[in-house]
1. Open to solvent by less than 70 Å² (accessible area, probe 1.4 Å), of a type in the set (S, T, N, Q) and modelled with pLDDT of 90 or more: does that describe S235?
2. Looking at the stretch 293-301, can you tell me whether even one residue there is among the acidic types (D, E), open to solvent by less than 50 Å² (accessible area, probe 1.4 Å), assigned to a loop (DSSP other than H, G, I, E, B) and at pLDDT 65 or above?
3. Residues being open to solvent by 80 Å² or more (accessible area, probe 1.4 Å), over 26 Å from I107 (Cα atoms) and at pLDDT below 75: count how many of those fall in the stretch 27-81.
4. Sort through D217, D226 and tell me the only one that's out of contact with any strand residue (DSSP E or B) (no Cβ under 7 Å at 6 or more places or on another chain) and either at pLDDT 95 or above or within 18 Å of T250 (Cβ to Cβ) (or both).
5. K172 - would you say it is at pLDDT 90 or above and among the charged types (D, E, K, R)?
6. Give the number of residues within the stretch 112-127 that are assigned to a loop (DSSP other than H, G, I, E, B) and either surrounded by 16 or more Cβ atoms within 10 Å (Cβ to Cβ) or not polar (S, T, N, Q) (or both).
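The values are calculated or read from the model by the stated rules, or taken from the named source; none is laboratory data. Keep in mind that what you see is a predicted model, and the values were worked out from it rather than measured. FYI the Cβ positions are ideal-geometry reconstructions off the backbone, even for glycines, and counts take in every protein chain you see. Note: areas computed on protein heavy atoms with side chains; ligands, DNA, RNA excluded. Shrake-Rupley method; radii C 1.70, N 1.55, O 1.52, S 1.80 Å.
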Amino acid sequence: QYSDKVAAINTNTFLGIKWGKGIAAYNDTTNSWTELIQFDDSRPIWDNDFAFDVKTNKLYSTGEIYSMVVFNLNTNKIKYYSQEDFDANKSIYIPRLMNIRGKIHFIGGISDTKHFIWNDEQNKYEVVHNLCKQFCQPASIYIPKENKVLLIGYPGDGLCKYIWKYDIDTLKLENLNIPFELDNAAAIMTINEDYIILAGGYDEYGWLSNGGDTLVDMIHILDIRDPDNYRLYRSNIRLPFNEHVSMARTGGGREAELLVTGFVKNEYNDYLPKDIIKLIEKGYTSETIHCIEWGEQNEHYAINVEDVLSNVK
């Protein structure tokens with residue numbers, strides 16, 4: 001049930017947040033959820049996005065009712081900051097939060113076109129820049145190697161939807177002229193920062209579905225290996241449902257590879273062929289995408305990243 005928003009906090013664990021209910025952690029190794037925090041019934045959290053700070057072990061969330069909610073996972077304490085504490089805007093709805101180099105960035109939402117940074121010491125937002133466009137339900141991904149943010153779909157000023165790139169250093173917003181006609185798609189980036197995988201979304205005007213005004217089961221792949229020439233593909237693999245979806249990635253990474261390789265070589269190197277060792281390493285270090293439907297069933301599916309990337313139109 002903790003599926004409305006999810007975010008990975010390490011290579012085998014991600015957090016899930018349920019509108020108005022609470023926060024739980026999913027462990028990929030044990031395939032189990034552990035409840036961490038229950039929300040106060042008198043202080044529900046709706047229409048939220050959130051970002052996680054690994055160093056402080058804090059989860060930051062925002063939504064329609066509160067300008068910021070800070071969950072301290074070390075103490076399981078919650079601090080609420082109401083809309084009245086948010087001087088820059090009295091109404092926040094469907095913004096995007098991202099942890100960029102240790103700072104919590106707030107971009108867009110239906111009610112604002114500005115880019116803010118949360119000041120954790122003074123407990124308030126600071127204005128960074130006005131994007132002059134209303135990104136109300138985009139998929140958003142921060143690309144560390146470029147220090148840029150991708151805002152994918154729905155600038156709220158017209159029917160044509162595109163992929164936009166926002167430079168955190170220069171504060172320049174660029175339309176990449178790559179059409180993406182879906183609102184509120186889920187997005188994750190592969191650990192090597194070569195691809196962004198987009199799942200689902202809402203096809204309001206029927207650009208990609210029959211008749212429009214519907215949720216789609218499509219999976220798209222954005223190739224970002226060349227910063228000057230992104231390419232968008234559609235995967236032959238589809239979601240097993242037509243519903244809103246949240247995504248997280250587990251597995252992969254150099255650290256996991258070294259741990260598995262060291263263990264296998266230490267235990268089995270003397271009598272296992274190298275090809276078998278490689279297969280074992282691949283099985284335990286491969287990246288996995290988790291897709292969680294947050295409609296009626298809250299079903300949880302997973303698939304290997306390589307399977308998605310190798311099946312494109």
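1. Criteria met by S235.
2. Checking the stretch 293-301: not a single residue is among the acidic types (D, E), open to solvent by less than 50 Å² (accessible area, probe 1.4 Å), assigned to a loop (DSSP other than H, G, I, E, B) and at pLDDT 65 or above.
3. Matching residues across the stretch 27-81 total 2.
4. Being out of contact with any strand residue (DSSP E or B) (no Cβ under 7 Å at 6 or more places or on another chain) and either at pLDDT 95 or above or within 18 Å of T250 (Cβ to Cβ) (or both) holds for just one of D217, D226, which is D226.
5. On the way: at pLDDT 90 or above: yes; among the charged types (D, E, K, R): yes.
Spelling it out, K172 is indeed at pLDDT 90 or above and among the charged types (D, E, K, R).
6. 4
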